[in-house]
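Note sheet for the following structure.
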Amino acid sequence: MESEGAKKKSKFGTYTWEEVQKHTKFGDQWIVVERKVYNVSQWVKRHPGGLRIIGHYAGEDATEAFTAFHPDLQLVRKYMKPLLIGELEASEPSQDCQKNAALVEDFRALREHLEAEGCFKTQPLFFMLHLGHILLLEVIALMLVWCFGTGWINTAIVAVLMATAQSQAGWLQHDFGHLSVCKTSRWNHLVHKFVIGHLKGASAGWWNHRHFQHHAKPNVFKKDPDVNMLNAFVVGKVQPVEYGVKKIKHLPYNHQHKYFFFIGPPLLIPVYFQFQIFHNMIVHGLWVDLAWCISYYVRYFLCYTQFYGVFWAVILFNFVRFMESHWFVWVTQMSHMPMHIDYEKHQDWLSMQLVATCNIEQSPFNDWFSGHLNFQIEHHLFPTMPRHNYWRAAPHVRALCDKYGVKYQEKTLYGAFADIIRSLEESGELWLDAYLNK
């Protein structure tokens, strides 16, 4: 019979990194946070950020990700206590995979400095004005139809206003989804459901599950859903060669920089996301999200079918989604697609985010147009930081990067857009060379 001491050790013991790294499969997953070892095998199913994001850190040190994603660390530690099974042995380093301990420590100190400087404090007026300008655009669009009718020119103006409102609502829901606006997570989640559900007709649960994976492991194959191109494109320098050597040719990838204009920006939101959102809500039983989503469609069709009829209201809806999709794709891809894309390399938080992201130069237009995602580096390093403070953090981040020789890239808006096409062309050429010669 197992002794009491053995039972106690099985519940709380000391472990080496080698032991921790054995627990990486679904149903048997351990993570390390602040040198403490947690068995999250069952908790992943209840994790608010989705089960996959924790799985991406199974067998690893998740301290930096844990700190980055949770604004109230004390509350989260309370929920994690029942999952605690031990800690690292005293002889084990705090970082796994030969990470630079000095860099990790300096980054931690930088975060503490930014917190002390008030960079994580929200200016409520900023977000109230942002929401106000979205609602104003929606009202102006409806008033134009009411006052000037459904002629082609007026409808085109209305569609532009609606697409602008949808795009800006997309940036706003992104703020609440990252818990960077309200003081409590509960209020952030509630307003997030309103903005993404009622103002945009999408699902908060779908967005959380997808987007947090992207932040946890940006540009990492099999972990970041944003680089899962469904075999329509090959990206980076590794995947094209891999596909070429295996003679995989779902499409003529050497021409992907051309057909990107036809199946990328035009179709992502109105076709792929539209289907994925409803499929996800139904399959996973996200009925609250579905109710919010339906409220958007009820509001839209009540407002516009009285002027356009059902058929043309549907056409207008899809045209707005078509324009919004272009806006969304170019802005979100300009900071990621041209960057390094590869399989898991187990880098520290700063290094991992910097190889996968770049910034776009600051201007009032760029800030508004991109929802401050022109500061993609700062956003990825500090996802809970309110976006109106990114500019304050940027010089400190750049200085830390310079200290450790980590490349900090900043581009013009036009140059960033051009780099998307350039990177697709280069990846296509790598694929063709490997397909024909290897």
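The values are calculated or read from the model by the stated rules, or taken from the named source; none is laboratory data. Every value quoted in this text rests on a predicted model; they were computed, and no experiment measured them. Here the Cβ positions follow ideal geometry from the backbone for every residue, glycine too, while neighbour counts run over all protein chains shown. The area values use the complete protein model at the heavy-atom level, side chains included, leaving out ligands, DNA and RNA. Shrake-Rupley method; radii C 1.70, N 1.55, O 1.52, S 1.80 Å.
Charge tally for ARG422 (other residues, Cβ to Cβ under 14 Å; Lys, Arg +1; Asp, Glu -1): -1.
What percent antiparallel are the DSSP beta bridges of the stretch 13-98, to the nearest 5? Provide the component values of the computation, followed by the final result.
Values: 9 of 13 bridges.
So the antiparallel bridges in the stretch 13-98 amount to around 70 percent.
Taking the average, over residues, of other Cβ atoms within 10 Å as the packing measure, peptides 172-181, 26-35, 270-279, 71-80 rank 172-181, 26-35, 270-279, 71-80 from highest down. Peptides 53-62, 371-380 ranked from most to least packed, by the mean per-residue count of other Cβ atoms within 10 Å: 371-380, 53-62.
Here the contact order of the stretch 195-284, divided by its residue count and restricted to Cα pairs under 8 Å and six or more residues apart, works out to 23 percent.
Accessible area per residue for the stretch 13-98 is 52 Å², calculated with a 1.4 Å probe on protein heavy atoms, without ligands, DNA or RNA. In order along the stretch 60-69, the Karplus-derived 3J(HN,Hα) couplings, from 6.51 cos²θ - 1.76 cosθ + 1.60 at θ = phi - 60°, round to 10, 7, 10, 4, 5, 5, 4, 5, 5, 8 Hz, and Gly and Pro are given as x. Normalised radius of gyration (Cα atoms, divided by 2.2 N^0.38 Å) for the stretch 186-234: 1.38. Ranking LEU354, TRP207, HIS113 by Cα position along the charge dipole of the chain, where only Lys, Arg, Asp and Glu carry charges on their C-beta atoms, puts TRP207 farthest toward the positive end.
Derived scalar couplings between HN and Hα for the stretch 406-412 equal 8, 6, 10, 9, 9, 10, 7 Hz in order, rounded to whole Hz, by the Karplus curve 6.51 cos²θ - 1.76 cosθ + 1.60 (θ = phi - 60°), x for Gly and Pro.
Put simply, the amide H of GLN29, placed in the peptide plane, has neighbours under 5 Å in VAL40, SER41, leaving out anything fewer than 5 places away on its chain.
Here's how it looks for GLU344: its modeled amide H is under 5 Å from those of PHE221, which are all 5 or more places away or on a different chain. The distance between label points at ASP28 and TRP312 comes to 6.4 nm (points 7 Å beyond Cα on the Cα→Cβ vector). Phi-derived couplings, Karplus 6.51 cos²θ - 1.76 cosθ + 1.60 at θ = phi - 60°, listed residue by residue for the stretch 258-267: 9, 6, 3, 5, 9, 10, x, x, x, 10 Hz, with x used for Gly and Pro. Each residue of the stretch 13-98 gets 90 Å³ once the volume of the Cα convex hull is shared out per residue. Note on PHE261 and LYS438: their simple-model spin labels are 3.0 nm apart, each label 7 Å out from Cα toward Cβ.
Could you tell me what percent of the DSSP beta bridges with both partners in the chain are antiparallel, to the nearest 5? Display every interim value, and only then the final one.
Details: 9 of 16 bridges.
For the chain, the DSSP antiparallel bridge percentage is about 55.
Each part gets one Cα centre, and for the stretch 108-176 versus the stretch 402-438 those centres are 31 Å apart.
With no solvent and one equal point scatterer per Cα, compute the Debye intensity ratio I(q)/I(0) for the chain at 0.10, 0.14 Å⁻¹ and report its log10, rounded to two decimals. Log10 I(q)/I(0), no solvent term: -0.78, -1.44.
Let me check I've understood the local charge: for TYR57, count other residues with C-beta under 12 angstrom from its C-beta, Lys and Arg +1, Asp and Glu -1. What total comes out?
Numbers: positive: ARG52, LYS217, LYS223; negative: GLU60, ASP61, GLU64, ASP96, GLU344.
Net of charged neighbours comes to -2.
Sorting check: for 41-50, 329-338, which peptide has the highest mean count of neighbouring beta carbons within 10 Å, and how do the rest follow? Spell out each step's value before the answer.
Working: 41-50: 15.1, 329-338: 22.6.
Result, highest mean Cβ count within 10 Å first: 329-338, 41-50.
Can you give the Kirkwood hydrodynamic radius for the stretch 1-152, in Å, rounded to one decimal and based on Cα pairs?
On the way: mean 1/r = 0.0522 Å⁻¹.
Hydrodynamic radius (Kirkwood, Cα only) of the stretch 1-152 equals 19.2 Å.
Distance between the pseudo-spin-label points of THR184 and LEU136 (7 Å out from Cα toward the beta carbon): 3.1 nm.
Counting helices only, and only those DSSP H runs with n ≥ 4, report the 222 nm mean residue ellipticity of the chain as the sum of -39,500 (n - 2.57) divided by its residues, in deg cm²/dmol to the nearest 500.
Numbers: 19 runs with 255 residues, N = 438.
Counting only the DSSP helices, I get -18500 deg cm²/dmol.
Axis of helix 101-116 versus longest Cα principal axis of the chain: the two differ by about 50°, to the nearest ten degrees. Given 25 °C and 0.890 mPa s, how large is the Stokes-Einstein diffusion coefficient of the stretch 279-438 in µm²/s, with Rh as the Kirkwood radius over Cα pairs? So the translational diffusion coefficient is about 129 µm²/s. Remark on GLU87: its backbone amide H falls under 5 Å from those of GLY13, THR14, TYR15, VAL37, a criterion applied only to residues 5 or more positions apart or on other chains, H modelled at 1.01 Å from N.
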